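See below for the structure under consideration.
The values are calculated or read from the model by the stated rules, or taken from the named source; none is laboratory data. This one's a predicted model, so the numbers in the text were calculated from it and none came from an experiment. Here the Cβ positions follow ideal geometry from the backbone for every residue, glycine too, while neighbour counts run over all protein chains shown. The area values use the complete protein model at the heavy-atom level, side chains included, leaving out ligands, DNA and RNA. Shrake-Rupley method; radii C 1.70, N 1.55, O 1.52, S 1.80 Å.
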Amino acid sequence: MPNSAEVKVNGQSYELPVIEGTEQETAIDISAFRAQTGVITIDPGFKNTGSTKSAITFLDGETGILRYRGYPIEQLADQSSFLEVSYLLIYGDLPSPTELAEFQGRITQHTLVHEDFKKILDGFPSTAHPMGVLSSLVTALTAFYPQSLDPNRSWEEVNLSIIRIIAKMPTFAAWSYKNQMGHPVMYPNNNLDYCSNFLHLMFGLPSTEYEVNPIVAKALDKLLILHADHEQNCSASTVRIVGSSQASLYASLSAGINALWGPLHGGANQAVIEMLENIKVDGGDTKKWMAKAKDKNDPFRLMGFGHRVYKNFDPRARIIKKAADEVLEALGVVDPVLDIAKGLEQEALEDQYFVDRKLYPNVDFYSGIIYRALGIPTEMFTVMFALGRLPGWIAQWKEMRENKEPIGRPRQIYTGENERDYKPLSAR
Ligand code: CMC
């Protein structure tokens, strides 16, 4: 074999193919390894396991590169729009002006949700976390569009399901907040662009005309672009693996929302702000909290620091940090939590523990600060992440279907009891 790897198992050598991606990343193909050798490979957390070949997003964690379909994130964040990036991720290339206008038009056409969704929303207490409400409403789409249940239907029908969820997601996201506030829900305003409409749905009230601040809408659009995809992370892998059982698009996306919820993934943005506020209330002693983060007997971690893949810097964090400064200045917001964040960042960057482990601020370290400045409440931060990640999940699901990937089904090494005889209750 021109490029292969040799592995010895129980004294016998096996040759395994090596595959190469378009950015020269290489992988040993072990798909036939068990059949050949009788042994499996093990890799908890998939730290070194590629689950698929993908043409959507390239990232190089060592050099801090992130590109969607080949386009650098810096250029997209600066010059594109969230809906254009959504088109790029899902359909594979930048749209022509006509294609983009048509895409936007179709999305605008489907923003309204069925009135009965309000009844579902009414069933949630106001204590419900908006992420739980959001994932439930997305699952509920299967009930209103039963034809979406079968992912094997025609491309036109699958595409309609895609358009529908992009169109309705801002409504669901905003309604999850309205439920928490006990406020009446708002209907979409189709005269507004995607992010302005979301802000109207979130902050509008039937009694008062809500005026969208263009600075806020633009900043939000940028944040959504930065969150739009991140290759095979926890939630994208969840979407792919749920979809691999041929569960519907909406079921797969709802699973992705739940995977995103955890504080080690998308929930980190909420956790960062809560952490910074705790530090502030505690007197602002960042050194004390740095020591806690390094103490192996203390479960505390510096939220917003570290990343499975980025081991140098997170390019999204750089863009967000700059955007945070600009937005806060433009809106005239003075946030003491920002000073704590900057202080913590400085200390961590100079601290041997963080340097040795290559722990740098990630996308979530500064995103919460911007969301706060934009008036988004803390419990909604992860919902914002989900709104941004939606096109990425759709693109991952679509690619998994087009690649005709087999059902995701890992193996294990069993470490439990060997066979033993059942004892009736009376004998125990
Ligand atoms: N604070 C303190 N120590 C840390 C942190 C942190 N935030 N992150 C990692 N470490 C330490 C960890 O204790 C371990 O130390 P040691 O080698 O001495 O045992 C070492 O660094 C490696 O950590 P790991 O947990 O093995 O790394 P991982 O790749 O499994 O985890 C991570 C990555 C993002 C889950 C982790 O860095 C973390 O928990 N960070 C805080 C949560 C966070 O900000 N998550 C958002 C990620 S970005 C948004 C997204 O894309 O989802």
Scoring only Lys, Arg, Asp and Glu (+1, +1, -1, -1) among other residues with Cβ under 12 Å from the Cβ of GLU74 yields +4
For the stretch 340-400: Kirkwood Rh in Å [reciprocal of mean 1/r, alpha carbons]
13.9 Å
For the stretch 185-256, what relative contact order do you get, as a whole percent, if you take Cα pairs closer than 8 Å and at least 6 residues apart?
20 percent
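Report the extension gain between LEU94 and THR378 in nm, rounded to one decimal, defined as 0.36 nm multiplied by the number of residues separating them, less their alpha carbon distance.
98.9 nm
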Heavy-atom surface of the stretch 1-131, accessible at 1.4 Å and reported per residue (Å²):
61 Å²
Mean separation of Cα pairs under 8 Å and 6+ residues apart, divided by the residue count of the stretch 239-314: what relative contact order is that in percent?
18 percent
P(r) of the stretch 281-387 over all Cα-Cα pairs, binned every 5 Å from zero, in whole percent
2, 11, 21, 24, 21, 14, 6, 1, 0
List the pairs from LYS47/LYS294; LYS118/LYS398; LYS53/LYS311 whose alpha-carbon separation is above 27 Å, in the order I gave them.
LYS118/LYS398
Can you send over the solvent-accessible area of VAL113, 1.4 Å probe, protein chains only, in Å² to the nearest 10?
10 Å²
Highest-MSF residue in the chain out of ILE407, ILE162, ILE30 [GNM, Cα springs under 10 Å]:
ILE30
Which GluC sites (Glu not before Pro) does the stretch 358-428 hold that lie in a coil by DSSP with at most 16 other beta carbons within 10 Å?
GLU417, GLU419
Scan the chain and note any complete DSSP helix (H) whose C-alpha atoms cover at least 27 Å along its axis and whose Kyte-Doolittle average is -0.5 or more.
155-181, 381-402
Contact order normalised by length for the chain, with contacts defined as Cα pairs under 8 Å and 6 or more residues apart; what percent is it?
19 percent
Quickly estimate the mean residue ellipticity at 222 nm for the chain, helices only: each DSSP H run with n ≥ 4 gives -39500 (n - 2.57), and the total goes over all residues, rounded to 500.
-16000 deg cm²/dmol
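What net charge is computed for the residues neighbouring PRO184, neighbours being all others with C-beta under 13 Å from the C-beta of PRO184, Lys and Arg scored +1, Asp and Glu -1?
For residues surrounding PRO184, the net value is +1.
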List the lysines whose Cα sits under 18 Å from the Cα of LYS222, skipping any in the same chain fewer than 8 residues away.
LYS321, LYS322
Using every Cα-Cα pair within the stretch 201-258, state what percent have a distance larger than 17 Å.
58 percent
Convex hull volume of the Cα atoms in the stretch 168-277, per residue, in Å³?
138 Å³
With all protein chains present, how much of the accessible area of the chain (probe radius 1.4 Å) comes from carbon and sulfur, to the nearest whole percent?
51 percent
With label points set 7 Å from each Cα along the Cα-to-Cβ direction at LYS8 and LYS119, the distance between them in nm comes to 7.0 nm
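Magnitude of the Cβ-charge dipole of the chain, K/R +1 and D/E -1, about the Cα centre, nearest 20 debye?
In total the dipole reaches around 1120 debye.
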Jot down the radius of gyration and Dmax of the chain, Cα atoms only, both in angstrom.
23.4, 78
In a Gaussian network model of the chain with springs linking alpha carbons closer than 10 Å, the residue among ALA174, ALA317, ALA101 that fluctuates most is ALA101
